[in-house]
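The values are calculated or read from the model by the stated rules, or taken from the named source; none is laboratory data. Fair warning: this is a prediction, and the values are worked out from it, not measured in the lab. Please note: Cβ atoms are built from the backbone with ideal geometry, for glycine as well, and neighbour counts cover all protein chains shown.
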């Protein structure tokens, strides 16, 4: 057992990765831990050659994952694009784990990210003492990935400024990282590539320049197509996260999680599932990832303070906290939803009462 809060994909699924590698008879690109075919099996689920079951990491269109993996086997970088909660970071992490054996080479892009965090930095004590030298250089995850021939992940690429984004152009087009201070450069080894993620519905986004866009192959990850598909994703992730956090055991909660997903989908889409009633939308995204968070929080509350069963009382406060981001607009939308949908829906009267108490 480990005492870390969150383990990396390559640690959690080490047995599956090892089983796939043992029976992988297909051709592997240089410095890849698995063949492209085995990487897709790892992501989509299936069976290793020795019969070891491989759990699905992504529920969705297999062709999208095949396109993403095929891109990484070329000299083009991969951009995973989609609305919040479409598993972009999740897919990025598992692709890196399967291809390079590590998902830890990661740059989290923010408005404060500068060129030094992308290209390289300097140890200023060494720099002042000896001047520019290789010893004074502080390599970034990007530089290390280039030197070792591995994948590097750039999360939320459009969060950082356009001028900083464009520092990637030389790396992506020439596969080299110039170090003018030392009159040298780092040339990427085979196996190096970049997986970037970006969401197309967030505020404060910096558009990618056309020069940078051309150097990425874009794979758009759509939201789960059906209620059943999204519920399956949320149920599995809640179970995995709750177990990893060692939360108290609870009774099966598939029906309650289905209620979370139903509520989120209807408020997100602005209409009931049957399309008969139009609803006010809320300011938040109400993504699949947020539904997972509500499920885990409800589990913790039910396990520690309840009777070990997720119900309306453990869901209510967590649902309101996820839905109401704007105290005025979102409260009005939720109250209308409660009165027109929840109050009259069979089997939802307990949830109606519990949420009304919170509001």
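Determine, yes or no, whether residue 256 is modelled with pLDDT of 90 or more and loosely packed, with under 14 Cβ neighbours inside 10 Å.
Here the answer is no, as residue 256 does not meet what is asked.
What residue, among those in the stretch 217-247 that are under 15 Å from the mean Cα position of the chain (by Cα) and in a loop (DSSP other than H, G, I, E, B), is nearest to residue 169 (Cα to Cα)? Per the stated criteria, the residue is 221.
If I filter the stretch 61-69 for residues that are at pLDDT below 95 and part of a loop (DSSP other than H, G, I, E, B), do I get at least one hit? Write out each step before concluding.
Quick first cut of the stretch 61-69, residues at pLDDT below 95 only: 61.
With part of a loop (DSSP other than H, G, I, E, B) added as a condition, the list becomes 61.
The answer is yes; a qualifying residue exists.
Considering only residues in the stretch 159-178 that are touching a strand residue (DSSP E or B) at 6+ places or on another chain (Cβ under 6 Å) and farther than 15 Å from residue 77 by Cα, the one that is surrounded by the most Cβ atoms within 10 Å (Cβ to Cβ) turns out to be 177.
Please verify whether residue 263 is more than 24 Å from residue 82 (Cβ to Cβ) and buried (at least 20 other Cβ atoms within 10 Å of the Cβ), treating the condition exactly as stated. Taking the combined requirement at face value, the residue does not satisfy it.
Within 17 Å of residue 114 (Cα to Cα) and either in the same structural domain as residue 134 (by TED's automatic domain parsing) or crowded, with 17+ Cβ neighbours inside 10 Å (or both): is that true of residue 188 in this structure? Spell out how you get there, then give the answer.
Values: within 17 Å of residue 114 (Cα to Cα): no; either in the same structural domain as residue 134 (by TED's automatic domain parsing) or crowded, with 17+ Cβ neighbours inside 10 Å (or both): yes.
Considered against the rule, which asks whether it is within 17 Å of residue 114 (Cα to Cα) and either in the same structural domain as residue 134 (by TED's automatic domain parsing) or crowded, with 17+ Cβ neighbours inside 10 Å (or both), residue 188 comes out as no.
Counting residues in the stretch 7-22 that are more than 21 Å from residue 105 (Cα to Cα) and either touching a helix residue (DSSP H, G or I) at 6+ places or on another chain (Cβ under 6 Å) or not assigned by TED's automatic domain parsing to the domain that holds residue 92 (or both) gives one or more.
Scan the strands (runs of 3 or more DSSP E) fully inside the stretch 79-178 and keep the ones with 2 or more residues being free of Cβ contacts under 8 Å to residues at least 24 places away in the same chain and over 15 Å from the mean Cα position of the chain (by Cα).
Per the criteria, 120-122, 137-139.
Return yes when residue 183 is without any contact (Cβ under 8 Å) to a residue 12 or more places away in the chain and either in the same structural domain as residue 120 (by TED's automatic domain parsing) or surrounded by fewer than 20 Cβ atoms within 10 Å (Cβ to Cβ) (or both) and no when it is not. Write out each step before concluding.
Numbers: without any contact (Cβ under 8 Å) to a residue 12 or more places away in the chain: yes; either in the same structural domain as residue 120 (by TED's automatic domain parsing) or surrounded by fewer than 20 Cβ atoms within 10 Å (Cβ to Cβ) (or both): yes.
Against the criterion (without any contact (Cβ under 8 Å) to a residue 12 or more places away in the chain and either in the same structural domain as residue 120 (by TED's automatic domain parsing) or surrounded by fewer than 20 Cβ atoms within 10 Å (Cβ to Cβ) (or both)), residue 183 qualifies.
Determine whether residue 1 is at pLDDT below 95 and either more than 19 Å from residue 105 (Cα to Cα) or buried (at least 16 other Cβ atoms within 10 Å of the Cβ) (or both). Yes, satisfied.
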